[in-house]
Amino acid sequence: MTWRADVLTLFPEMFPGPLAHSVAGKALEKGLWALECLDIRDFARDKHRTVDATPAGGGPGMVMRPDVLAAAVDEALAGEPGGRRVVYLSPRGRKFDQDMAREMSLQPGLILLCGRYEGVDQRILDTRGIDEWSIGDYVLSGGEVAALAVLDAIVRLLPGVMGKPDGLTEESFEQGLLEYPHYTKPAVWEGRAIPEVLLSGHHQRIEDWRRAKAEETTKARRPDLWEHYSRAGKD
Ligand code: ADE
């Protein structure tokens with residue numbers, strides 16, 4: 001079965017956007033995954049196609065109505081054998097990471113709800129068992145850019161999408177480390193030479209050097225990852 005994403009959004013024209021290009025785009029063309037967009041506005045019931053209302057209790061901005069969202073979510077779930085999770089993108093959500101991307105790549109797909117304005121009525125999340133994911137501690141103007149990031153991270157892990165499976169398992173985050181630095185031609189550029197070991201042809205020494213660099217960078221930049229990595233090594 002093809003891995004399938006349904007995106008519920010007020011801006012369906014933002015999709016596939018960058019996912020139509022490069023790795024994800026080629027995979028989409030080959031049918032290695034599928035993308036459907038539902039325009040939330042199509043589920044509004046009044047003649048003005050209203051999707052939002054003022055927040056109960058007052059305050060700034062507008063909130064997306066649960067009845068309109070429910071119609072959209074239920075449509076995406078209709079005929080679903082119960083396999084796909086529904087996720088709402090929001091800065092309040094669980095922080096999305098490589099483990100979650102890998103886990104999702106093994107599932108049948110995903111339904112992503114993108115909010116705009118101040119967010120969505122809490123009752124849609126509570127009644128439909130919707131998870132909340134964040135892509136980082138900053139506020140985007142809507143969930144669409146987050147949905148694109150989440151989909152890109154998952155799709156490249158699907159079978160057949162990336163050339164060699166080796167390239168993926170060797171990848172830094174798969175090992176809990178940041179990536180080692182890369183070099184290519186020319187051998188000397190602006191007075192800087194490629195580290196000699198990389199030109200030695202000695203595979204073991206190259207591997208050791210890369211591992212040491214990855215560890216050094218992780219330790220310096222991401223003490224949180226380093227802590228996790230060094231603890232795992234001791235078990
Ligand atoms: N919507 C707005 N900001 C977001 C974030 N940081 N992550 C996911 N969805 C969002």
Taking segment 13-58 and the residues there that are touching an Asp or Glu at 6+ places or on another chain (Cβ under 6 Å) and open to solvent by 30 Å² or more (accessible area, probe 1.4 Å), the one that is farthest from LEU110 (Cα to Cα) would be MET14
Can you find a residue that is away from the ligand (no atom under 15 Å from the Cβ), at pLDDT below 95 and over 28 Å from SER172 (Cβ atoms) anywhere in segment 84-106? yes
Test each condition in (1) of a type in the set (S, T, N, Q); (2) open to solvent by less than 90 Å² (accessible area, probe 1.4 Å); (3) over 30 Å from LEU35 (Cβ atoms) for THR184 and report the one that comes out false. (2)
Counting only residues that are near the ligand (Cβ under 9 Å from one of its atoms), among the acidic types (Asp, Glu) and assigned to a loop (DSSP other than H, G, I, E, B), how many does segment 107-144 have? 1
Going by the conditions given, is LEU148 of a type outside the set (Asp, Glu), within 11 Å of the chain's Cα centre (by Cα), within 14 Å of the ligand (Cβ to nearest atom) and in a strand (DSSP E or B)? no
For VAL161, are the conditions met, namely being in a loop (DSSP other than H, G, I, E, B) and not assigned by TED's automatic domain parsing to the domain that holds ALA214? yes
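The values are calculated or read from the model by the stated rules, or taken from the named source; none is laboratory data. Quantities reported herein were computed from a predicted structural model and do not represent experimental measurements. Heads up, the Cβs are rebuilt from the backbone with ideal geometry, glycines too, and the neighbour counts pull from every protein chain shown. All accessible areas refer to the heavy atoms of the entire protein, side chains included, with ligands and DNA or RNA removed. Shrake-Rupley method; radii C 1.70, N 1.55, O 1.52, S 1.80 Å.
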